[in-house]
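J.: Below is one structure. I have some questions about it.
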């Protein structure tokens, strides 16, 4: 018998309405889950997903996503650091190759490739500097930046530069001569050695990096202005053209402000990390590798042409062709996810040490290589020359890395800064 109680009827209606609402919520949740699963690999879906979530949840999701992407890119920056340092050590290990003159076209091509391979890593370090500078750009003043960098970069640089000067000073004159001869003459010799090592070895990078970073920090209010980036791009272009005309010294280690543009690029990459990730996803490997190969050959040609014109810095890092090929290589390395094994070599903690020490090791071993190459007339046999050169590079890099690793595992690790 049907119940006619009005209260009971009202209760049944409420239960029916609640059941309908519950089913609707379940279906909606299930449909929403299907959307999330179907678009889990779709990068453009992140914005849609954030808009569907409540504001608080959306903010948490965005922050987590940003953190994961930043951490992933930081790991890849370590890979770029290590491989770029390999390129730099290779370039510094090439003794006699820039001054060698080959009449055989094949030998000239090989020479250009060997020399160019030693110049594709420099620009990456300035981009990385800007990338990590971006995080604290608003917080830094020039003084606070210098205070921070004094402990982490300037002091270690000064220590190893001083050690380098002292070793070479002892090779030039005896300890007794250093003590007994005129202090002014000794001091003048020290200054000459320090100047030579700063402008003709790897030790130019720290002063140039510090100066370029200070410039970006001082003018940081313009960091998002297009004209600001264009200004520094024009400065880099000027130094590239200067290689052909020699208006200023062509030595890349004296190209003041030529590298600031790449720190600017690094800052912009970090500020637009999601756009960068999206851009990398759209880039096809075939296009990237083809572009790199073509630009590398163009850079080889430009270097050979500058050598023919008598330029003393024919394979300078600020050549326009080298700038482009370095940028494309940077994109290739930051896009790649198959190079994580490189992090086994601890690039974050060891690369700076390799930078500081490799010139000292190289200088001690170079006399052996030069003597052997000259006495055996090895430049007339390009294959043997390449094998010996590669073996020398491996020796320098391995010895340097082992020394850095041993120091890093000892209390003396503080000399490398943080």
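J.: What is the one condition in (1) within 30 Å of residue 268 (Cβ to Cβ); (2) without any contact (Cβ under 8 Å) to a residue 12 or more places away in the chain; (3) not in a loop (DSSP other than H, G, I, E, B) that residue 146 does not satisfy?
T.: So residue 146 meets the others, but not (2).
J.: State yes or no: is residue 204 touching a helix residue (DSSP H, G or I) at 6+ places or on another chain (Cβ under 6 Å) and under 25 Å from residue 132 (Cα atoms)? Write out each step before concluding.
T.: Numbers: touching a helix residue (DSSP H, G or I) at 6+ places or on another chain (Cβ under 6 Å): yes; under 25 Å from residue 132 (Cα atoms): yes.
So residue 204 passes the test.
J.: Still on this model: Against the conditions (1) touching a helix residue (DSSP H, G or I) at 6+ places or on another chain (Cβ under 9 Å); (2) free of Cβ contacts under 8 Å to residues at least 40 places away in the same chain, where does residue 242 fall short? Just the number, please.
T.: (1)
J.: Among the residues of segment 218-239, what is the count of those that are out of contact with any helix residue (DSSP H, G or I) (no Cβ under 6 Å at 6 or more places or on another chain) and within 30 Å of residue 314 (Cβ to Cβ)?
T.: Residues meeting the conditions: 7.
J.: Considering only segment 383-418, how many residues are part of a helix (DSSP H, G or I), surrounded by fewer than 18 Cβ atoms within 10 Å (Cβ to Cβ) and modelled with pLDDT under 85?
T.: 2
J.: For residue 256, work out the one condition from (1) within 17 Å of residue 205 (Cα to Cα); (2) part of a helix (DSSP H, G or I) it doesn't fulfil.
T.: All conditions pass for residue 256, except number (2).
A quick yes/no check of all residues on (1) in a helix (DSSP H, G or I); (2) touching a strand residue (DSSP E or B) at 6+ places or on another chain (Cβ under 7 Å); (3) without any contact (Cβ under 8 Å) to a residue 12 or more places away in the chain; (4) surrounded by 15 or more Cβ atoms within 10 Å (Cβ to Cβ):
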position: 163; (1), (2), (3), (4): yes, no, no, no
position: 167; (1), (2), (3), (4): yes, no, no, no
position: 170; (1), (2), (3), (4): yes, no, yes, no
position: 187; (1), (2), (3), (4): yes, no, yes, no
position: 191; (1), (2), (3), (4): yes, no, yes, no
position: 197; (1), (2), (3), (4): yes, no, no, yes
position: 206; (1), (2), (3), (4): yes, no, no, yes
position: 212; (1), (2), (3), (4): yes, no, no, yes
position: 228; (1), (2), (3), (4): yes, no, no, yes
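J.: Return yes or no: is residue 131 modelled with pLDDT of 95 or more and in a helix (DSSP H, G or I)? Quick ask: steps written out before the conclusion?
T.: Numbers: modelled with pLDDT of 95 or more: yes; in a helix (DSSP H, G or I): yes.
Taking the combined requirement at face value, the residue satisfies it.
J.: Right, next: So is residue 131 more than 22 Å from residue 78 (Cα to Cα) and surrounded by 13 or more Cβ atoms within 10 Å (Cβ to Cβ) or not?
T.: Details: more than 22 Å from residue 78 (Cα to Cα): no; surrounded by 13 or more Cβ atoms within 10 Å (Cβ to Cβ): yes.
Against the criterion (more than 22 Å from residue 78 (Cα to Cα) and surrounded by 13 or more Cβ atoms within 10 Å (Cβ to Cβ)), residue 131 does not qualify.
J.: Give 246, 266 a once-over and let me know the one that is farther than 29 Å from residue 154 by Cα and either modelled with pLDDT under 95 or buried (at least 19 other Cβ atoms within 10 Å of the Cβ) (or both). Don't jump to the end; show me each part of the working.
T.: Details: 266 fails: farther than 29 Å from residue 154 by Cα.
After ruling out the rest, the residue left standing is 246.
J.: So, of the residues in segment 69-98 that are more than 29 Å from residue 381 (Cα to Cα) and either without any contact (Cβ under 8 Å) to a residue 40 or more places away in the chain or out of contact with any helix residue (DSSP H, G or I) (no Cβ under 7 Å at 6 or more places or on another chain) (or both), which turns out to be surrounded by the most Cβ atoms within 10 Å (Cβ to Cβ)?
T.: Step one: of segment 69-98, the residues more than 29 Å from residue 381 (Cα to Cα) are 69-82.
From the residues that got through so far, the ones that are either without any contact (Cβ under 8 Å) to a residue 40 or more places away in the chain or out of contact with any helix residue (DSSP H, G or I) (no Cβ under 7 Å at 6 or more places or on another chain) (or both) too are 71-72, 74.
On the way: 71: 9, 72: 14, 74: 12.
Ranking the candidates gives 72 first.
J.: Could you count how many residues in segment 322-341 are over 14 Å from residue 280 (Cβ atoms) and crowded, with 19+ Cβ neighbours inside 10 Å?
T.: Number satisfying all stated conditions: 4.
The values are calculated or read from the model by the stated rules, or taken from the named source; none is laboratory data. Note that this is a predicted model, so its numbers are computed, not measured. Note that each Cβ is placed from the backbone with ideal geometry, even for glycine, and that neighbours are counted across all protein chains shown.
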